[in-house]
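Here is the structure we will look at, set down as structure tokens.
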Amino acid sequence: MLRQQCAEGQARLRVTCGVLVEVQTTEGPCPACGAGMQVQKTVVRRGVSLSLGSLQIRQTMRVCVGGCPADHRAPQLAAVFPVRATVGYDVMVRVGLERFVHHRQREEIRATLAAEGVDLSAGEISLLAVRFVDYLDALHRARAPELRAAFDADGGWPLHLDATGEDGRGTLLVVYAGWRGWVLGSWKISTERTELILPKLQQVADLFGVPCAIMRDLGRAVSEAAATFVAKLKLRIPVLACHLHFLRDIGKDLMRRGHDQLRERFRHEKVLAHLRSLAREIGRRLGAHLPQARQELVRWQGLVEQGHRLPEGHAGLAVVRALAQWVLDFPSDGFDQGFPFDVPMLDLYDRCHKAARAADAFLRIPPHDMQVRKACERFRHVLKPVGNDAPFEQQARRLRARRELFERLRTALRLDPKPGAASLPKSATIEARDLDQIRLAVRKLAAELRRQRPDRGPAQDMRTAIDLVLDHLDRHGPALWGHQVRLPGGRTRMVDRTNNVLEGLFHVLKHGERRRSGRKLLTQDLEQMPPGAMLAMNLTCADYVQILCGSIEQLPAAFAELDATGHGPTPRRPGKAVQTDEIVSSSLPNVDRKLARTDGMSRRVRAAAASRAPRWTTPAQRSGNRRLTP
């Protein structure tokens, strides 16, 4: 019954399509200067709105006789349509929510609006999405005093600072209020530089007040910007380093070189390629017998027998195939956290060793089936370099020792995943007592490493690894602690010890954009995305929406109020590129890329290169050939 009533309502709404509506401005005195009003012109235009449908609006325009530049639009139209626009505020809000909150494609948005009696083109959808971001950013700034009052009621707010991008382009800098979970500002920058980040921090502080703490990563530009910002304020604000970034940086410095060397060794011996080839060849050989062979493989896995023997026939081939697939499934030994928390090449080395020993055990009593025996011998031959090659064993031993050192630090910081967990714990807020215990454990580990550090001898690699860990602790140690913040009234509150909340926000954004575009690399998408799109994620926070406009349904009215008070955004021309704070850098922004690829640029370069101008090699030749005409 509800669906039927909605369908009937939409049908009645579409019936009003093309209806001519008469609208007149007030005949009274000018509200700005009090002078009389006179008719300027009468215009007929189209209007599209979710509440009114598609209409033809005839409006009689009256202006002040004294030439007052005030906006004399009819209040009925000003509450529904933006200035010089035919699409209503409610349509713009619907498009913006679908695009930046639900990450839907343009055709999906068009289909949704068409079902409600609003027919728009794909280009109009894109333009409305950008306008929505402009209005949301203007409303966010207009409500800055109310948002600041909410922070003052909380006793302060911790500032989380981070940037994201894709393939070195589309860098998006975001300032995030940790306790409330609000995005306070987002900007497009060419690259992470101190002179670009510092003005953004000052701008946020002017709007929303000085933060009570700053949580950052270990990047040089971000660290310098945060330190300079605090120094200019001349306040005792703790600048904290993310524990997860700290641990990740140490892990990469410890194991990246050894991990890459082990990967190159596997590539040189073509171990994975040969294993895949063996599994495919056995699968083709089994052919139609593969389903039955899988069933026999399951029965063989459940047998408990003396000794280790391979079955005969198709079942034996299925067992050898499963052994190769077991080695190829080495990524399952990790926690799906990425390097350095997972060390996949070391997991592959361990699986190859175990599989090679298993193949030796199966070949002690070789099967009578010649095909099964040859397949197992070939499998053992593929894994032979892993066990017999000295560089394999040396690289794996050094990498294992460094991973054990990394795991000791990881345990001290309590960033170990729970058994069976797929990722690190998302919640990084802990009690002050637990943080003191973590700090004590890290100090204890540093003292143990200094005692265990070999002064001389063949343990040079371990000496270098310990020095690396101690150097990181000395440089970043002061920024790892101080998460307990004192608030007015004698209260204390803990700041998250990681930037996981902001990293999770970036993950949601990129996941939604990949779903929308279908592309794995979001280089072009992040370059074209307006920077204020991150503010749209605040619309999922009920407390933020309550302060901003009361409810999502009242957001179009809040946009109309912005235009009525003169605080609305400047209309953007269609196709205008997203502005970034560009400085001299090695990157090639999208705007500069278009200029560099023009035909005029190529023509001027070719013409200059083909000219016969004299080549000045020395000052003497340059002064002696001044009379020559190029």
Over 26 Å (Cα to Cα) among K232/K510; K252/K520; K234/K510; K200/K520; K520/K594 -> K232/K510; K234/K510; K200/K520
By what distance, in whole Å, do the Cα atoms of the chain stretch along each of the three principal axes, largest value first? 108, 83, 72
So how far, in whole Å, is the C-alpha centre of the stretch 200-251 from the one of the stretch 425-501? 18 Å
Considering Cα pairs under 8 angstrom that are at least six residues apart, work out the relative contact order of the stretch 117-189 and quote it in whole percent. 18 percent
Cα-based Rg of the stretch 55-158 normalised by 2.2 N^0.38 Å, two decimals: 1.42
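What's the carbon and sulfur percent of the chain's accessible surface, probe 1.4 angstrom, rounded to a whole number?
Working: 17400 of 33990 Å².
In the chain, the share of accessible area belonging to carbon and sulfur is 51 percent.
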Net charge near Q484 (other residues with Cβ under 14 Å of its Cβ; Lys, Arg +1; Asp, Glu -1) is +3
log10 I(q)/I(0), Debye, Cα-only the stretch 499-568, no solvent, q = 0.24 Å⁻¹? -1.06
Counting alpha carbon pairs within less than 8 Å and at least 6 residues apart, what relative contact order, in whole percent, applies to the chain? 18 percent
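What is the sum of charges, Lys and Arg at +1 and Asp and Glu at -1, for the other residues whose Cβ falls under 12 Å from the Cβ of L139?
Details: positive: R141, R143; negative: D134, D137, E146, E561, D563.
Its environment carries a net charge of -3.
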What angle, in degrees between 0 and 90 and rounded to the nearest 10, separates the Cα long axis of helix 599-610 from the longest principal axis of the Cα atoms of the chain? 70 degrees
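Count charges around C242 for me, please; just the other residues with Cβ under 13 Å from its Cβ, Lys/Arg as +1, Asp/Glu as -1. Before the final figure, lay out each step's value.
Details: positive: R216, R248, R497; negative: D162, D217, D249, D496, E503.
Here the charged neighbours net out to -2.
Using only the Cα atoms of the stretch 267-332, construct the convex hull and provide its projected area averaged over every direction, in square nanometres to one decimal.
Values: hull surface 21.8 nm².
The number I arrive at for the stretch 267-332 is 5.4 nm².
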Amide H to amide H under 5 Å from W182: which residues, 5+ apart in sequence or cross-chain, H placed 1.01 Å off N in plane? A177
Would you mind checking the tilt of helix 290-301 against the longest principal axis of the Cα atoms of the chain, expressed as 0 to 90 degrees and rounded to 10? 60 degrees
What do you get for the angle between helix 313-328 and the principal long axis of the chain? Use alpha-carbon atoms, 0 to 90 degrees, nearest ten. 60 degrees
Please turn the phi angles of the stretch 387-402 into ³J(HN,Hα) values with the Karplus equation 6.51 cos²θ - 1.76 cosθ + 1.60 (θ = phi - 60°), one per residue in order, whole Hz, x for glycine and proline. x, 9, 8, 5, x, 4, 5, 5, 5, 5, 5, 5, 5, 5, 5, 6
Just the accessible area per residue of the chain, please: how many Å² with a 1.4 Å probe? 54 Å²
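The values are calculated or read from the model by the stated rules, or taken from the named source; none is laboratory data. Every value quoted in this text rests on a predicted model; they were computed, and no experiment measured them. Don't worry about glycine lacking a Cβ; one is built from the backbone with ideal geometry, like all the others, and counts go over all protein chains shown. Note: accessible area is taken over every heavy atom of the protein model, side chains too, but ligands, DNA and RNA are not part of it. Shrake-Rupley method; radii C 1.70, N 1.55, O 1.52, S 1.80 Å.
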